[in-house]
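For reference, the structure is listed below as structure tokens.
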Amino acid sequence: MTPARRVLYVIICGTTAASGVYDFISESLADGWDVCAVTTPMGARFVDSDRLRSLTSHPVRSDYKAPDEPDVLPPADAFVVAPCTFNTVNKLANGISDTLAVGLVCEGIGHGLPVIIAPWANRALIRHGAYRRSIEYLRDDGVRFVLTDRTEPGPSLVDPGGLFPWDDVLAEVRKLPEVPDAQNLK
């Protein structure tokens with residue numbers, strides 16, 4: 001019997017950095033993950049859902065299903081939220097589950113599943129107190145972060161720009177255990 005592949009949900013938010021998600025997903029698939037793409041409502045505007053579906057062999061979800069519809073995605077073993085907007089960081093930290101994407105990640109946190117967040121926002125938003133508090137709350141819940149000079153909370157007045165750290169996100173995913181977490185309460 002072939003062991004089940006680990007399932008990685010990639011949650012995509014609405015930023016121009018989302019354009020790198022295709023290569024990230026390809027690398028994750030090559031690493032043996034069964035990848036499912038879920039977008040925030042704004043994230044859907046920044047990616048090609050048909051391309052994602054072709055790449056992952058799963059439908060791309062961005063909205064809740066009707067109660068009588070079956071689940072079309074396998075249950076997640078881990079989550080990556082990348083690129084993650086200021087809005088989504090704060091919603092996740094405060095449990096504001098008003099979108100499918102945020103609701104799935106909030107449930108994953110509640111189940112104790114691995115969650116990796118790679119924020120991407122401008123320096124003014126990163127300096128906002130809500131962002132700093134949200135990072136702390138999420139870390140207290142066991143969430144892992146991929147932060148850069150652009151997204152590290154702090155007093156810097158410089159917005160260094162730069163490229164989204166897809167390679168660093170992939171490196172963090174590669175640190176996850178080979179066997180799905182036993183706490184996964186599917």
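In what order do I25, I117 fall by count of nearby beta-carbon atoms within 10 Å, going from fewest to most?
Fewest-to-most ranking of I25, I117: I25, I117.
Annotation note: chymotrypsin sites (Phe, Trp or Tyr not before Pro) in the stretch 11-89 located in DSSP loop regions with a Cβ neighbour count of at most 13 within 10 Å are Y64.
For every other residue with a beta carbon closer than 15 angstrom to the beta carbon of T40, add +1 if it is Lys or Arg and -1 if Asp or Glu, then tell me the sum. Please list the in-between numbers first.
On the way: positive: R45, R61, K91; negative: D63, D98.
Every neighbour counted, the sum reads +1.
Can I get the semi-axes of the stretch 6-119's equivalent ellipsoid? Compute them from the C-alpha gyration tensor as square roots of 5 times the eigenvalues, in angstrom, largest first. Before the final figure, lay out the partial values.
Values: eigenvalues 68, 53, 43 Å².
Over the Cα atoms of the stretch 6-119, the semi-axes work out to 18, 16, 15 Å.
In the stretch 54-177 the Cα-Cα distances spread across 5 Å bins starting at 0 as 2, 10, 20, 22, 20, 14, 8, 4, 1, 0, 0 percent of all pairs. Cβ crowding within 10 Å, taken as a proxy for footprinting-reagent exposure, orders C84, C106 from fewest neighbours to most as C106, C84. Footprinting exposure proxy ranking of V115, V21, fewest other C-beta atoms within 10 angstrom first, gives V115, V21.
Throughout, read-outs are computed from the coordinates displayed, never taken from laboratory work. Everything numeric here is computed off the predicted structure, so don't read it as measured data. Positions of Cβ are generated from backbone atoms using ideal geometry, with glycine treated the same way; all protein chains shown enter the neighbour counts.
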